[in-house]
1. Please rank 17, 49, fewest neighbouring Cβ atoms within 10 Å first, as an exposure proxy.
2. By counting other Cβ atoms within 10 Å of each Cβ, how are 73, 42, 15 ranked from fewest to most?
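All of the numbers you see were taken from the coordinates with simple rules; none came from a lab. Note that the structure is predicted; figures quoted are calculated from it, not measured. Here Cβ is always computed from backbone atoms with ideal geometry, including for glycine, and neighbour counts include all displayed protein chains.
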Amino acid sequence: MHERKTVCQQQRSAVYSLIDGLGIGHLPIFVAGAHLAAGRLVRVLPAYSLPEQSLFAVFPERRHMPAKTRAFVDFLADRIGRETPYWVIEASLGG
């Protein structure tokens, strides 16, 4: 029996490959959440997870921060810095 391994550089390709039944894979919950909620994907190892990772926005100083930088930092804080992650909220809304 030949072992085949598929490597996808794009998460969208990985998601559709998994939905089409081409094997099992590891996806971030913000990518797979809506598909799990809709029943298109099934979690096969629910007790297994990777360690949590942190995201930091590092910039030289706040006083003279460009508006684009401030907007991006605010976006990150709003989308990622929540108590309930945005992907959980969107999945519960059917988004």
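1. Going from least to most buried by this count: 49, 17.
2. With the fewest neighbours first, 73, 42, 15 line up as 42, 73, 15.
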